[in-house]
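Peer 1: Mind looking over this structure? Questions follow.
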Amino acid sequence: MNNMNVIKTEIEDVFILEPKVFGDERGFFMESFNQKVFNEIVGAEVNFVQDNHSKSVKGVVRGLHFQAAPYAQGKLVRCVAGEVFDVAVDIRKNSKTYGKWVGVILSAENKKQLWIPEGFAHGFQVISESAEFVYKATDFYNANAEHGISWDDRDLGIKWFENGNVILSAKDNENMSFESYTKMEFWG
């Protein structure tokens, strides 16, 4: 596991991964993903089935998204151009960290990745002029299982970079409160 530095977060199952980067005057090389190493880090066999790539302008907030069981998605996320503030919220009702969140800056420069297992809501805010965001998902997109929690929910208290000039999609503008989520049965 010498090609990846693992940083634990305040939530036991969420990890920040820092790949070793080899650079010289030509540029750089890094191994961004290795299935065997990744499985050793998370302590389970994880199978990714879909890769997604988005581009957003400064101020865009995407999230907080999740898919309900049995279509829940684990995500390995990173920013390949620009910079984002990435957030994972524990929405597993039986978890000791239920309702807690972890935030980390992911950028093309720092090359950090965040592993967000199933049972988390996920979102990010673009803090550079624009950003390209890519992630691997453990289940396919399912529109009927997709849900969202409001990015600025006061019960969650996420400390975003900017709360004023935020750009949301029409769908994200309709996301439920965390209180509403707590009254629903998503995880069986």
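Peer 1: Output the residue which, of all residues in segment 147-188 that are assigned to a helix (DSSP H, G or I) and open to solvent by 30 Å² or more (accessible area, probe 1.4 Å), is nearest to Val126 (Cα to Cα). Walk me through how you get there before you give the answer.
Peer 2: Taking segment 147-188 and keeping what is assigned to a helix (DSSP H, G or I), we get 172-174, 178-182.
With open to solvent by 30 Å² or more (accessible area, probe 1.4 Å) added as a condition, the list becomes 173-174, 179-180, 182.
Values: Asn173: 17, Glu174: 20, Glu179: 26, Ser180: 27, Thr182: 28 Å.
So, considering only residues that are assigned to a helix (DSSP H, G or I) and open to solvent by 30 Å² or more (accessible area, probe 1.4 Å), the one nearest to Val126 (Cα to Cα) is Asn173.
Peer 1: So, Asp139, is that one open to solvent by 20 Å² or more (accessible area, probe 1.4 Å) and either of a type in the set (Gly, Ala, Ser) or more than 14 Å from Arg62 (Cα to Cα) (or both) or not?
Peer 2: Details: open to solvent by 20 Å² or more (accessible area, probe 1.4 Å): yes; either of a type in the set (Gly, Ala, Ser) or more than 14 Å from Arg62 (Cα to Cα) (or both): yes.
It is true that Asp139 is open to solvent by 20 Å² or more (accessible area, probe 1.4 Å) and either of a type in the set (Gly, Ala, Ser) or more than 14 Å from Arg62 (Cα to Cα) (or both).
Peer 1: Of the residues in segment 147-171, how many are under 16 Å from the mean Cα position of the chain (by Cα) and hydroxyl-bearing (Ser, Thr, Tyr)?
Peer 2: Final tally of qualifying residues: 1.
Peer 1: I'd like to know if segment 56-64 contains one or more residues that are under 17 Å from Ala131 (Cβ atoms) and either touching an Asp or Glu at 6+ places or on another chain (Cβ under 6 Å) or of a type in the set (S, T, N, Q) (or both).
Peer 2: Residues of segment 56-64 that are under 17 Å from Ala131 (Cβ atoms), as a first pass: 56-63.
Narrowing further to those that are either touching an Asp or Glu at 6+ places or on another chain (Cβ under 6 Å) or of a type in the set (S, T, N, Q) (or both): 56, 58.
Taking every residue of segment 56-64 in turn, at least one turns out to be under 17 Å from Ala131 (Cβ atoms) and either touching an Asp or Glu at 6+ places or on another chain (Cβ under 6 Å) or of a type in the set (S, T, N, Q) (or both).
Peer 1: Further question: Please report, ordered by residue number, the strands (runs of 3 or more DSSP E) entirely within segment 1-115 with at least 2 residues that are open to solvent by less than 30 Å² (accessible area, probe 1.4 Å) and in contact with a Cys (Cβ under 7 Å, 6 or more places away or on another chain). Before you say what the answer is, go through the steps one by one.
Peer 2: On the way: elements: 4-8, 15-19, 21-24, 27-30, 50-57, 61-67, 75-81, 83-90, 101-107.
Fully inside segment 1-115 and qualifying: 101-107.
The values are calculated or read from the model by the stated rules, or taken from the named source; none is laboratory data. These numbers come from a predicted model, not from an experiment. Cβ coordinates were reconstructed from backbone atoms using ideal geometry, including for glycine residues, and neighbour counts include every protein chain displayed. When the accessible area is computed, the model is the full protein with side chains, heavy atoms only, and any ligands, DNA or RNA have been set aside. Shrake-Rupley method; radii C 1.70, N 1.55, O 1.52, S 1.80 Å.
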